[in-house]
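Structure record follows, encoded as structure tokens.
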Amino acid sequence: MIFMVFKKTRNSWLRRRWLDFRQGHTIYLVFLMTFANFITIQYSLLIERVPTFNSMFPSVWIFAIIFVTGYLPLAIIIGYWHRKSQWKVEAEALFKENKIGATMWLFVINMIDGKVTQEEKEEMRAMLSNIIKRDTKIPKDNAKTSEIPKQDKETTGEAKTESV
């Protein structure tokens, strides 16, 4: 069945915490630690041992400020280049590996072609409703514009849209 992908990929609380840990660790904490580590090692192995550099950078703080002043603009330029040229490649690769997204798009195509059963529609509706319920609360500013499809039991089964 088309929805077996969703049942196999459900995450437990522990697995979500593991994901949160890895994201916080690799994106933020390790970045800061390696940055500080790089500055410290370069100062200890290069600046302190070469008299010319040692006179230019008498303390690690001066070296760190000058290094960061040059490093940040360079990193921004490289990041801009990456965003403009490489994200398309990465997005395409991620799209080709996204089983849940592929399942949803296949469902939409099958629905357009009339190949979706009522049971499959109900399963997809329930799965999407569960995702919406798990999501954070809608801010009061967006409450009037945000709409969640809700089943109207008095009609012939067509979805009725109500404001949250």
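A few points about this structure:
- Take the Kirkwood radius over Cα pairs of segment 13-96, plug it into Stokes-Einstein at 4 °C and 1.567 mPa s, and you get 82 µm²/s for translational diffusion.
- Only one residue of 69, 114, 58 has its Cα farthest out toward the positive end of the dipole of segment 48-122, where Lys and Arg carry +1 and Asp and Glu -1 on Cβ, and that residue is 58.
- Extension gain for residue 81-residue 48 works out to 8.4 nm (0.36 nm per residue, less the C-alpha to C-alpha distance).
- Relative exposure of 40, 69, judged by other C-beta atoms within 10 Å (fewest first): 69, 40
- The trypsin sites (Lys or Arg not before Pro) found in segment 33-98 that occupy coil by DSSP, while having at most 11 further C-beta atoms within 10 Å, are 49.
- Extension gain, residue 127 to residue 13: 0.36 nm times the residue separation minus the Cα-Cα distance gives 39.2 nm.
Any read-out appearing in this document is the output of simple, stated calculations on the displayed coordinates, not a laboratory observation. Keep in mind it's a predicted model, so treat the numbers as computed, not measured. Neighbour counts run over all protein chains shown; Cβ positions are idealised from the backbone, glycine included.
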